[in-house]
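Any read-out appearing in this document is the output of simple, stated calculations on the displayed coordinates, not a laboratory observation. From a predicted model like this one, the values you see are computed outputs, not experimental measurements. Cβ coordinates were reconstructed from backbone atoms using ideal geometry, including for glycine residues, and neighbour counts include every protein chain displayed.
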């Protein structure tokens, strides 16, 4: 029977997207997992895979169309041999589950009973493309699994053997900004001045909504500290000389990532996120790092940062930052983590306060390392490289003393870089 293919939600923040390019045409036969289209979300351009098999009966949304709302019918899929006229009366497909299989803040809808027994030999296996990939990597036979997704479909949690009943984290909603000034009234103030009107794209709308939500709903407090970098700069110089033949160059930011990852392990209560009715304490050190791109920013996540060498972190960060600037990151590469770093020191900024990226518990704002006069233990005045940092903390997750302990461990590793490798 013909069914409608709906605009998928390819990220938790996606409410609409641009159907950038069709990779199939009417009359083409597709199998589950085949690439069907390229879709621009609020963060990146992603490929959309077919979930079911059949024949493309009709394309309803032309490529290049922007502002296509999630769950809008974009094409009709026919069964093999089905009359093309069925495309005109195709019922809508079930609301698709995001490929990320993240938990949303919407109330759960009634669904068909989950499959309660493994698929019998010879029967078709219904599974999301992500679940299929994970199963292939782990060598898992999908026919032995029970599906807990919509209509018994096998999802990521089924393959990983984890229950799919995680409590939702902070919901991402459209920000409602209470203001007496509307767009028209603001423009009226400047009617006698020359200006350029810049429409908001998906990324800028999402940044505006999330940061407004963050500042309105997260009780921020700030901890500031000056860190001596002389030992770190000396160690970095020596390390880069040794790594020069391998084409590797370690940055100060790589040391900062490693120091924060180690500190999260030392102070596990700070390695946490806010999940509305509870706090989730993470075991791994998954550190997000802000990367500026044209029109906005990404925060790619370096997973298990505490277990990686400086050269591994350097290589991974360069790769993630490069693909972030091209908007080629997959959603799992910029979602998650419990903590973030925002470094504006390379732009000459001495100090600043960063806004927490929910549901993270904290974010470290890093300023420039600058030579300043300091008083030595013997009372003499000398110069030292001093870097100012500010830890913005969600008071619902981390209290003042705990935040101070966490920032103290970060400072310890940066001022004693060899301790990172002990």
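In table form, for the structure just shown:
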read-out: Compactness index (Cα Rg / 2.2 N^0.38 Å), the range 329-422; value: 1.28
read-out: Pairwise centroid distance, computed over Cα atoms, of the range 32-75 with the range 267-322, Å; value: 30 Å
read-out: Mean Cα-pair separation over length for the range 219-421, i.e. relative contact order, pairs under 8 Å, 6 or more apart, %; value: 30 percent
read-out: Inverse mean reciprocal Cα-Cα distance (Kirkwood Rh) of the range 219-421, Å; value: 17.4 Å
read-out: FRET E, pair residue 31, residue 211, Förster distance 35 Å, beta-carbon r, rounded to 0.05; value: 0.25
read-out: Antiparallel %, DSSP beta bridges [both residues in the range 285-373], to 5; value: 40 percent
read-out: Fully extended contour minus Cα-Cα distance, from residue 372 to residue 53, at 0.36 nm per residue; value: 108.2 nm
read-out: Distance between modelled label sites at residue 277 and residue 201, nm, 7 Å Cα→Cβ extension; value: 4.0 nm
